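The block underneath contains the structure these notes are about, expressed in structure tokens.
Readers should treat all values here as calculations from the given coordinates under stated rules, not as data from a laboratory. Note that the structure is predicted; figures quoted are calculated from it, not measured. Neighbour counts run over all protein chains shown; Cβ positions are idealised from the backbone, glycine included.
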Amino acid sequence: MKKFEWTVFGLVAFTVGAATAAVLAYRAAFARNGVGDPEAWGQFGDYLGGVVNPVVGIVTVVLVVMTLRVTRLEAQAARRQIAQQLEYMERQSLLSDMHKRLEGVMAEWERVMSRPAPRGFQRFWVTKGEPSLSSKTVQEVLEDNELRASLIEDHLKTQYPDSPKGDERFVAFKGDLVELAVELDQYCLKYDEVAGTRHLTFFYRNRLKRSVEMLWLAGVMQATVAKRYEENRMP
């Protein structure tokens, strides 16, 4: 806008200068004739109009063209701004929807983790002739350091690092925990792609990281998914 304003100022100054120059030229040529009669003043008006009017006309056309150009540029800028705002709103709406999906998966994950673990993970004992069964939860199983150490030991014995020996008891988790971990991983990938940052998904993956490692060591989790959880780092 400053360029436009300075251009307008320059054109107005040029017009005023042209009119002033015409007056001074007329005065220099006919000053000896005095003020003159009305007819002389009429001739002076014709002269001044003949000199100044073309200049004013040209300046007016230039100003109109410049005004139209500035208006067009402002309209283009406004359209770009509106398009950017719409794109931002759509992006935020998509991220909000994906965030809700992530929260939904996490809520379901927490619900499954709080359930009693399958019978294969429970301990039996008899007290005064009465059999008893422990009430270990899924979360306690996946956070069991002794079980983890046992799985790692079995894994080190295998000839295929990407294919753990596994534990048949964990097959029961394929229908819920494994599917939820894979679903969360897919949502995280999509969120990272849209958001362009991993600040949010880092915390989701980090919350499942140890459990996913256990599921992989048990042979029920895909290696590619487990690797993404394992490589999860603070961005």
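Tabulated data for the structure shown
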quantity: Radius 14 Å from Cβ of Arg115, net charge of other residues (Lys, Arg +1; Asp, Glu -1); calculated: -1
quantity: Cβ-based net charge around Arg72, under 13 Å, with every Lys or Arg adding one and every Asp or Glu removing one; calculated: +2
quantity: Relative packing of peptides 63-72, 76-85 - highest average C-beta neighbours within 10 Å first; calculated: 63-72, 76-85
quantity: Charge context of Glu230, other residues only, Cβ under 11 angstrom, K/R +1, D/E -1; calculated: +4
